[in-house]
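The values are calculated or read from the model by the stated rules, or taken from the named source; none is laboratory data. Since the structure is predicted, the reported quantities are computational estimates derived from the model, not experimental observations. Cβ: placed from backbone, ideal geometry, glycine included. Neighbour counts: every protein chain shown.
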Amino acid sequence: MLPSSGRGLLHVCPGCGRRLELFDTRDGDQAYWCHACGKGHRAGSPPLEALRPEQAS
Ligand SMILES: [Zn+2]
């Protein structure tokens, strides 16, 4: 069910629902991270529960 493009999707924390912060990892990848929970995921392999439609404000 993953859309082919990432546009229109927000990455949110499955734990607390905050917007995840995108940052560059040391190995040149990118990751979304929740500083409150200390958890996150790589941008290339987001878990389904971390994706939310952008229209849901
Ligand atoms: Zn969190």
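Could you grab me the full set of residues in region 17-38 that are within 11 Å of the ligand (Cβ to nearest atom) and of a type in the set (A, V, I, L, M)?
Residues of region 17-38 within 11 Å of the ligand (Cβ to nearest atom): 17-21, 32-38.
Passing the criteria: Leu20, Ala36.
With respect to the numbered conditions (1) of a type outside the set (Phe, Trp, Tyr); (2) at pLDDT 95 or above; (3) out of contact with any strand residue (DSSP E or B) (no Cβ under 7 Å at 6 or more places or on another chain), which one is the sole condition not fulfilled by Leu20?
Of the numbered conditions (1) of a type outside the set (Phe, Trp, Tyr); (2) at pLDDT 95 or above; (3) out of contact with any strand residue (DSSP E or B) (no Cβ under 7 Å at 6 or more places or on another chain), the odd one out for Leu20 is (3).
Given the criteria within 15 Å of the ligand (Cβ to nearest atom) and at pLDDT below 95, does Pro14 qualify? Reasoning before the result, please.
Values: within 15 Å of the ligand (Cβ to nearest atom): yes; at pLDDT below 95: yes.
For Pro14, the condition - within 15 Å of the ligand (Cβ to nearest atom) and at pLDDT below 95 - is met.
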